[in-house]
1. Carbon-plus-sulfur fraction of the accessible area of the range 24-78, 1.4 Å probe, in percent?
2. Using 0.36 nm times the number of residues separating residue 113 and residue 71, minus their current alpha carbon distance, what extension gain do you get?
3. List the residues, sorted by chain then number, that are 5 or more residues from residue 32 or on another chain and whose placed amide H is less than 5 Å from its amide H.
Amino acid sequence: DNYWGDDFVWNVDKNGDPCLFSRYKIIGILTIGNPVARFKEKDIFEITRICFMPEFNPLKDGFELPSKFVKDSINQFSEDYKWKKIITYIHADQKGKYLEFAGFKRDKEIIYSKNFKGWNNRPNRRKANLKSKIRYIKEQS
């Protein structure tokens, strides 16, 4: 079944995977999946990717739109999935104001050691970006 909201369409693709897309101006993409890191708690999901289109300019277009995009995506996700927490990471040099406006709280900074290799210990992998990251968490209210 399709869900037609004011701004976004919630649908299931031919593989049965949920997807959300814009009926209007596309500003970016957002994917939610299982966390990359392991957690002891159940019902934790991770926003694995948030990408905004290069022409989207939050200084000109406003910060409200990205936070609404994140909030609406999570609201639609919540209709099909039970969750306690949703986490996401951004690089320490990025601003996370749109995440805060969407209800996320800054949790902690992840700093990699000089000896950390990330995925580089596997063949045919690109060199990972090992800059410090900030973890944000949104808890179910």
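The values are calculated or read from the model by the stated rules, or taken from the named source; none is laboratory data. Just so it is clear, the structure is predicted and the values come from calculations on it, not from any experiment. SASA here: full protein model, heavy atoms, side chains in, ligands and nucleic acids out. Shrake-Rupley method; radii C 1.70, N 1.55, O 1.52, S 1.80 Å.
1. Taking all protein chains in place, the range 24-78 shows 56 percent carbon and sulfur surface.
2. Taking residue 113 through residue 71 to full extension adds about 11.8 nm, to one decimal.
3. Result for residue 32 returns 48.
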